[in-house]
1. Looking only at the stretch B:193-202, decide whether some residue is part of a helix (DSSP H, G or I), touching a His at 6+ places or on another chain (Cβ under 7 Å) and either on the phi > 0 side of the Ramachandran plot or buried (at least 19 other Cβ atoms within 10 Å of the Cβ) (or both).
2. Among the residues of the stretch B:1-49 satisfying the criterion of being closer than 22 Å to B:R97 by Cβ and polar (S, T, N, Q), which is nearest to the other protein chains (Cβ to nearest Cβ)?
3. How about the stretch A:4-30: which of its residues are within 14 Å of chain B (Cβ to nearest Cβ) and touching a Ser or Thr at 6+ places or on another chain (Cβ under 6 Å)?
4. Answer yes or no as to whether B:N157 is under 15 Å from B:Y77 (Cα atoms), in a helix (DSSP H, G or I), of a type in the set (S, T, N, Q) and within 10 Å of the chain's Cα centre (by Cα).
5. What's the total number of residues in the stretch A:185-224 that are without any contact (Cβ under 8 Å) to a residue 60 or more places away in the chain, outside any helix (DSSP H, G or I), more than 12 Å from chain B (Cβ to nearest Cβ) and farther than 21 Å from A:L246 by Cα?
6. What is the one condition in (1) over 22 Å from B:I40 (Cβ atoms); (2) at pLDDT 85 or above; (3) of a type in the set (D, E, K, R) that A:E174 does not satisfy?
7. Condition test on A:V34, is it modelled with pLDDT of 90 or more, within 11 Å of chain B (Cβ to nearest Cβ) and in a helix (DSSP H, G or I)?
8. Could you check the stretch A:42-83 and list, in sequence order, the residues that are under 30 Å from A:E112 (Cβ atoms) and either within 14 Å of another protein chain (Cβ to nearest Cβ) or surrounded by fewer than 17 Cβ atoms within 10 Å (Cβ to Cβ) (or both)?
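The values are calculated or read from the model by the stated rules, or taken from the named source; none is laboratory data. Note that this is a predicted model, so its numbers are computed, not measured. For neighbour counting, all protein chains shown are included, and Cβ atoms are generated from backbone atoms with ideal geometry for every residue, glycine included.
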Amino acid sequence: MHRLWVLGLVMLAGIKSRMEYRLDFILQVTMGLVWNLASLVFIWAVLARFRSMAGWSLEEVFFIYTLRLLAHGCYCLLFKNVQIVSRYVRWGDFDRVLLRPLNPLLQLITWEYDPAGIGDLGLGLICFAVANRLLEFHWTPPAIAFLFLVVIGGCLIELSLFLLINTLAFWITEAGRLTQFILTFSDQFALYPLDIYNALLQFLLTFLVPVGFMSYYPATAFLNRMEDTLFSPAFAYLTPLVGLVLFALAYSFWRVGINRYQSTGS
Amino acid sequence: MNLRGYLKLAQAPFQMMLAYRTATLIECLGVVLRIYLMRIFWTAVYGGGAAVEGITLPMMVTYATLSNIQGLITSSYVHWFVQHRVRDGSIVIELLRPYGFLRSLLAWSIGDSLLWGGLMAIFTLAASLPFVNLHPPASLMAGLVYLASLILAIGVNFFLTTIVGLIAFWTLEITAFNTIFFFLSMFLSGGLIPLWFLPPWVRRIAELLPFQSLAHLPLSIYIGKIGGTAMGIALFKQAAWIGVLSVVVWLIWKAAERKVIVQGG
């Protein structure tokens with residue numbers, strides 16, 4: 001608990017120091033929003049013309065988009081620094097982290113704050129409000145609880161994927177560049193129902209880079225379309241579990257990497 | 001400065017990018033992945049249905065694939081180049097050099113597009129072919145006119161990005177303007193969604209702006225949606241925009257020259 005308290009304080013200080021530059025802060029937030037808005041406008045404009053894709057209506061695809069954006073927004077708001085962990089390792093800044101009496105990962109996450117996440121999550125919440133209007137959900141307490149778990153699980157999935165890739169930096173110097181690939185999957189492939197992909201990609205997006213659990217699988221539960229869920233209807237409820245297991249895996253890998261760390265040369 | 005000097009400048013970005021081979025290779029593979037995703041996306045959206053607005057699925061896949069590949073050629077980062085020079089004050093050195101700053105930017109940009117962009121485009125095209133069915137141009141004539149139109153698109157894009165870059169002389173910071181530019185050119189160029197699929201009011205706005213020269217016009221020529229004399233009109237529109245935008249750039253530049261602020265003592 002004490003750790004979380006410290007984490008919160010450091011993060012708040014990070015936000016405050018960024019707010020020092022008012023206009024820059026607003027610009028960063030807007031950028032976060034605009035990047036996501038671009039893919040939203042794309043999907044919306046095309047589906048407004050074509051009405052549906054692979055049996056999913058515009059409204060349903062929009063809901064899949066919304067679920068991903070909520071999870072992605074939480075990830076960006078809290079953990080986005082994980083994406084540049086490989087940089088700290090390569091520059092040798094990591095030495096300082098190891099000397100301090102706080103979990104190294106928590107330190108890196110709060111090293112500097114990127115306000116863009118506020119824009120990501122902000123747009124996610126707006127989209128959720130719109131999706132609610134369009135689809136007329138009946139929110140029961142268990143459904144709301146499940147929604148929170150799905151968002152947390154999705155957030156953990158994205159965090160774990162980036163942690164796994166960036167931990168590679170302890171072995172490979174170019175690891176940071178691979179981040180681009182994960183981004184393509186989590187930013188683009190996760191936006192659409194998995195039905196549109198071939199068997200190989202469906203397998204990949206379910207078991208290897210499980211971004212399907214951020215949006216598509218839980219969406220089948222909320223939209224009452226579990227008869228269509230790929231592989232097994234049970235997958236619709238697996239997001240929180242997948243998030244936890246993947247994070248445990250990523251964190252163990254990270255521990256292995258730290259123990260191997262030998263600082264940069266000279 | 002004579003032409004030889006500018007030719008040397010045009011080779012500079014090529015040599016610079018060679019230093020970042022891995023990064024460039026990964027960028028190309030990223031584009032291949034996006035091309036593949038776009039094929040899947042449009043196939044799902046068409047869902048076996050007939051042509052929409054006279055565009056069949058194979059035409060659409062060809063359009064989207066080529067749009068991504070030619071994006072590697074038409075894209076430019078001169079605006080960041082200008083912002084950087086203005087911010088750290090080295091713009092003064094640029095102004096002292098024995099050649100025109102704008103002309104040097106143009107030489108740099110053309111070299112970047114044709115040499116490096118061309119190489120990336122060929123590599124990306126070769127790597128994408130196993131995943132997509134890229135149709136040949138509608139006719140030999142369409143293919144040739146497409147190439148001419150692509151060259152003009154590089155020109156239009158150069159002047160548009162230079163305008164964004166020159167704003168740095170007044171604001172020192174162009175991120176916000178670049179975001180607006182990015183958004184406008186993404187949707188009004190037709191590069192992401194063909195303009196025929198957009199609501200009529202968006203299409204009418206796009207007709208009046210230079211952005212459609214970047215993707216919509218060349219790509220429509222390639223797939224044969226614009227044919228015959230309409231091809232000539234399309235080329236004329238692009239050339240006219242280059243004329244208008246070059247005057248705008250020149251006027252802004254004249255004002256900017258008097259506005260140079262050098263940081264430090």
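1. yes
2. Here the residue is B:Q15.
3. A:L27, the sole residue that qualifies.
4. Here the answer is yes, as B:N157 does meet what is asked.
5. The number of residues fulfilling the criteria is 1.
6. (2)
7. The answer is no for A:V34.
8. A:Y65
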